[in-house]
Every structure is written in C-alpha cells, then in structure tokens.
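Report on the structure given below.
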Amino acid sequence: MEIEQRAKFRLLYFVSDDTIEITEVVLPNSGKSASVFLKRGRLPKQASQSFSVDAIGNGVKDHYTEQDLIVGRSIQVFGRQMELLSCDSFTQNYYQHKYNHNQNANRHLTTPTKKAV
C-alpha cells in the first residue's frame with residue numbers, strides 16, 4: 001500500500017499582469033531545499049501535463065485570474081489539482097473591498113487518500 005503525500009505550496013498572484021508563481025513551502029530541517037514549482041507566467045485553465053513550460057503566457061487565452069482564486073476552491077495546474085486553503089490579510093481586504101467577498105482565511109487540508117499499489 002502506498003500513501004499519497006501532499007505538499008504545501010505558496011501561490012503568488014500578480015494583479016498587474018495576471019501572472020502566477022507557485023513555490024513549495026519547505027519545513028525547516030526537512031532535508032529539502034526550497035523550489036519553484038511554477039515559474040511566473042499566465043496559468044492556462046486547460047493545460048495537460050505535457051504542456052510546454054516555455055509556452056506559459058504565450059498566446060494563452062483562457063487563464064486563471066484573481067476571480068478564480070477563491071479560498072476553498074481548487075485549481076488545475078498542469079494536471080494536478082491544488083486546493084486553495086488560505087490567504088493573507090492584504091488579500092482578504094482586497095477581495096472584501098473589490099468583490100464584497102469574504103475569503104475564508106484558513107481551511108484545513110483534506111486527509112490524504114490511500115492508494116493501492
């Protein structure tokens with residue numbers, strides 16, 4: 001039996017140009033070094049795992065925007081589902097003033113599923 005491991009990531013959204021960067025959150029003394037999961041660029045909504053990283057932002061018509069980034073929802077990042085769990089106070093205030101939407105600041109990560117080998 002194999003247990004699926006879940007990692008935490010930090011998503012940065014840049015309002016000025018609708019670009020996103022995703023980095024892995026690394027715990028101190030975990031033996032892992034910090035890494036960029038997704039280099040800054042427009043993130044297409046419909047992209048497969050084989051989508052070329054060089055093509056990010058080049059001619060992408062349907063990409064994620066700030067209106068898609070709601071705490072509690074999930075986004076697809078090149079075939080991987082990522083659940084949006086929290087946001088900082090600046091983002092909470094931004095959504096409250098611009099969209100009259102209260103971002104639920106902290107949601108709990110759902111329990112990892114067990115996969116049979």
Point to revise | Hey, LYS39 of a type outside the set (A, V, I, L, M), more than 11 Å from the chain's Cα centre (by Cα), at pLDDT 90 or above and part of a strand (DSSP E or B) or not | key: yes
Review point. Of a type outside the set (Lys, Arg), at pLDDT 75 or above, touching a strand residue (DSSP E or B) at 6+ places or on another chain (Cβ under 6 Å) and surrounded by 16 or more Cβ atoms within 10 Å (Cβ to Cβ): does that describe GLU21?
Key: yes
Review point. Looking at the range 69-102, which of its residues are in a helix (DSSP H, G or I) and either modelled with pLDDT under 90 or surrounded by fewer than 14 Cβ atoms within 10 Å (Cβ to Cβ) (or both)?
Key: SER89, PHE90, ASN93, GLN96, HIS97, LYS98, TYR99
Practice item. Please find, among ALA55, ALA116, ALA105, the residue that is among the small types (Gly, Ala, Ser), open to solvent by 50 Å² or more (accessible area, probe 1.4 Å), more than 14 Å from LEU12 (Cα to Cα) and modelled with pLDDT under 90. Key: ALA116
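The values are calculated or read from the model by the stated rules, or taken from the named source; none is laboratory data. Everything numeric here is computed off the predicted structure, so don't read it as measured data. Every residue, glycine among them, receives a Cβ derived from its backbone with ideal geometry; neighbour counts consider all protein chains shown. Ligands, DNA and RNA are excluded from the accessible area calculation, which covers all protein heavy atoms including side chains. Shrake-Rupley method; radii C 1.70, N 1.55, O 1.52, S 1.80 Å.
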